[in-house]
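Asks: Submitted below is the structure of interest, expressed as structure tokens.
Each reported figure results from applying straightforward, stated rules to the coordinates on display, with no laboratory input. A quick note: this is a predicted structure, and the numbers were derived from the prediction, not measured. Note that each Cβ is placed from the backbone with ideal geometry, even for glycine, and that neighbours are counted across all protein chains shown.
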């Protein structure tokens, strides 16, 4: 493979990675400054189960697409991947030419400190990728499926009597689609430019980048396929470049080129391979990386504010809001702003589908999520074996469980204290992100007194302990899983009791009962 030599001189490292936690680890060789998430992504993209090398895997698709007149562009394609600026979609990477090809472009990788956004490099890269996509589509057209037009099987309507039917002109065929250009890591790009995601300036720059990419993709397809560029942009030179590209593309042609559609990427291994912080146009909901260190976007935004990490930490300890994190409303506003500047938009953000995304990301990094001052929940009064208890819960705004209290009504101080301490421990764990189902697995069906018939709550008819009833009730209320009753103690098979006194065999001819005596055995 000729493209393998393009990686000579790049410092590499070898690590153990797997595409799935259940898969066996395999040796993965990739650039030294790429993280372990990129290694796992390469393990997923590489075929087989043996060692995977990025140079070898990249050479497969580079040598496959850079042929004929594009053979001289093989080094440029390899460099785009080395710089983590662009990579083919999973179907093109793995050679599945029966699907539409595409490239994913990392917007943040085109920002250089001190120089801003490299608009000319961005345009040159997009033009090369469009050329490759059109060439691949033309050469692999025989392998494409699923996009063939079906003939109209309905009979034509009868012509009216006395009139000669005029042949209707066939409707114009839509231009073929050669592939997709998908952008990603938008928020990290804005952070590198010193802009906030939830700001007018950030949305203006995002629209300028999307419009620029669409103008490049539609060049040669006819003036009617072009979109008007946005009116303003705060990045120096970006608006001028976008207008120049639009003027060059707005040319009438008798033989339009196959159209390339623009959009935003979906989560997948290619985004991880490019080191993306937030997929597509989504915001970055956490200032930390998975390993707990500050993310690159966080450092960029602190630098734009003239703050060092130490100064930002001191301000956070003092209660100041150093970096306002975006929320679902900011995501929706960005989605609305970009809707007119790309060909295909992802699904509109749904607040009900991810109400706790930022909170869950914070919990995964060891941050306690305190309950609001006014919260919901329920109080359930029940009895287990004639012993009354109160089960109280507290919920977050999204309805998830954040606090549990189990209070027996007439038990001794020790029992009340133990159950209260247990409830506090479980509540702290829930507020730090521990899953409720783990607590249910640990405490449901525990056996100790009091136990017996459950009254006052139809979720259970029999409980082996107060904890058994409480956590089965929580499972039904917050996990939607109603656990069945355990067998009653009376239904269990009698087992020999290990407690004293011991049973001795009866003595023949003697009806008197002998009491066993303990004897020390040396």
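Asks: Can you work out the FRET efficiency for the pair residue 348 and residue 398, with r the C-beta to C-beta distance and R0 = 25 Å, to the nearest 0.05?
Replies: About 0.80, to the nearest 0.05.
Asks: On to the next question. Would you order 6, 481, 331 from fewest to most other beta-carbon atoms within 10 Å of each residue's own beta-carbon?
Replies: By the 10 Å Cβ count, ascending, the order reads 481, 6, 331.
Asks: Can you divide the C-alpha Rg of the stretch 379-491 by 2.2 N^0.38 Å and report the result to two decimal places?
Replies: For the stretch 379-491, the normalised Cα radius of gyration comes out at 1.00.
Asks: For a Förster distance of 22 Å, can you work out the FRET efficiency between the beta-carbons of residue 247 and residue 127, rounded to the nearest 0.05?
Replies: The pair residue 247/residue 127 has a calculated efficiency of 0.90.
Asks: Here is a further query. Which of 12, 334, 466 has the fewest other C-beta atoms within 10 Å, and how do the rest follow up to the most?
Replies: Taking fewest neighbouring Cβ atoms as first place, the list is 12, 334, 466.
Asks: Now for a separate question. Pop the C-beta distance of residue 336 and residue 305 into the FRET formula with R0 = 30 Å and round what comes out to the nearest 0.05.
Replies: After rounding, the FRET efficiency stands at 0.65.
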